[in-house]
1. Separation between the Ala47 and Ala233 pseudo-spin-labels, each 7 Å from Cα along Cα→Cβ, expressed in nm?
2. So what is the relative contact order of segment 177-250, in percent, for Cα pairs below 8 Å that sit 6 or more residues apart?
3. Could you please put Ile203, Ile195 in sequence from largest to smallest accessible area, using a 1.4 Å probe?
4. Ser138 accessible area, nearest 10 Å², 1.4 Å probe?
5. Give the residue list of GluC sites (Glu not before Pro) in segment 83-183 that are DSSP loop and have at most 16 other beta-carbon atoms within 10 angstrom.
6. Apply 1/(1 + (r/R0)^6) to the Cβ-Cβ distance of His136 and Ala109, taking R0 = 35 Å, and write down the FRET efficiency to the nearest 0.05.
7. At Asp205 and Leu64, where each label point lies 7 Å from the Cα along Cα→Cβ, what is the point-to-point distance in nanometres?
8. Length gain on complete extension for the stretch Thr182 to Ser72, per 0.36 nm per residue less the alpha carbon to alpha carbon distance?
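The values are calculated or read from the model by the stated rules, or taken from the named source; none is laboratory data. Keep in mind that what you see is a predicted model, and the values were worked out from it rather than measured. Here the Cβ positions follow ideal geometry from the backbone for every residue, glycine too, while neighbour counts run over all protein chains shown. With ligands, DNA and RNA removed, areas are computed over all heavy atoms of the protein, side chains included. Shrake-Rupley method; radii C 1.70, N 1.55, O 1.52, S 1.80 Å.
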Amino acid sequence: MLDPHALPSPERPAAPGAERRAAGVAPADPLAAALAACADLLPRLAAMQSLGDPAAQRQALLQLPATLQAASAALARLAASADDAVTHDTRGDALTGLADRAQLEAACAGLALQFPEAPLTLVAVDVDHLRHVNDHRSRATGDAVLRAVAEVLRAQSRPQDVLARADGGRFVVVLGGPVSTTRALLVAERLRAAIEAHAWAAIGDGLRVTASLGVAARAPGEPLDDVLARAGAALQECKRRGRNQVRSRA
């Protein structure tokens, strides 16, 4: 098999599908290469299945190893390219390592496709009095607080949940899968308590950090900005009522 990174000569355009493979040109894209290799394999398997004579089936089976090896190699390159893309993905929030807004939108879109009939529940987390920490301690202390809050959220969340930093001292936790409002409020309360109980003195003597949390459910097809606005409204209610608490907004 030719090198998958080989390119067709400039004098002749690349032929699609079977014509391209017949011309001896392997697709440069790992996904296209994997699809091409599997496309070669499937007709051979179908033809072998249609053979009624065991001897003919055995003979056809003996001719499969090369095709199987090519498909396996193409799939291995596809998996390696996916791993490489994840390794070199420089997006995300630089301070906390959580998802950024673009990644948050992509994750929510994926969950909406996975659970099209279920509302998507979001928990907005706002660090109380972060400006006071920045102004009266230091910006470096405020950054350390944000990193610590991100670690608390990681420790308290499930693998299927999505964690993002929206802006400033605000975070978003998307609960993966169908979750009732009652359950979401319990999760939010657990997050609030874990943030309050964190060992903040390790960052600064006498430092105490709390957070306000707003819960909102995104209806199927609803824009992400709308549900984030409702979660933000719930946060404002927390602030009016004294902060360090959980509220929801339908």
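1. For the pair Ala47/Ala233, the computed spacing is 6.4 nm.
2. On the way: 92 pairs, mean separation 24.7, N = 74.
Reported as a whole number, the value is 33 percent.
3. Ile203, Ile195
4. Using a 1.4 Å probe on the heavy atoms, I get roughly 40 Å².
5. Details: sites: Glu105, Glu117, Glu151; in loops: Glu117.
Qualifying residues, ordered by number: Glu117.
6. On the way: r = 40 Å, r/R0 = 1.16.
Between His136 and Ala109 the formula returns 0.30.
7. Between Asp205 and Leu64, the simple spin-label model gives 7.4 nm.
8. On the way: separation 110, 0.36 × 110 = 39.60 nm, distance 4.72 nm.
Between Thr182 and Ser72, full extension yields 34.9 nm more.
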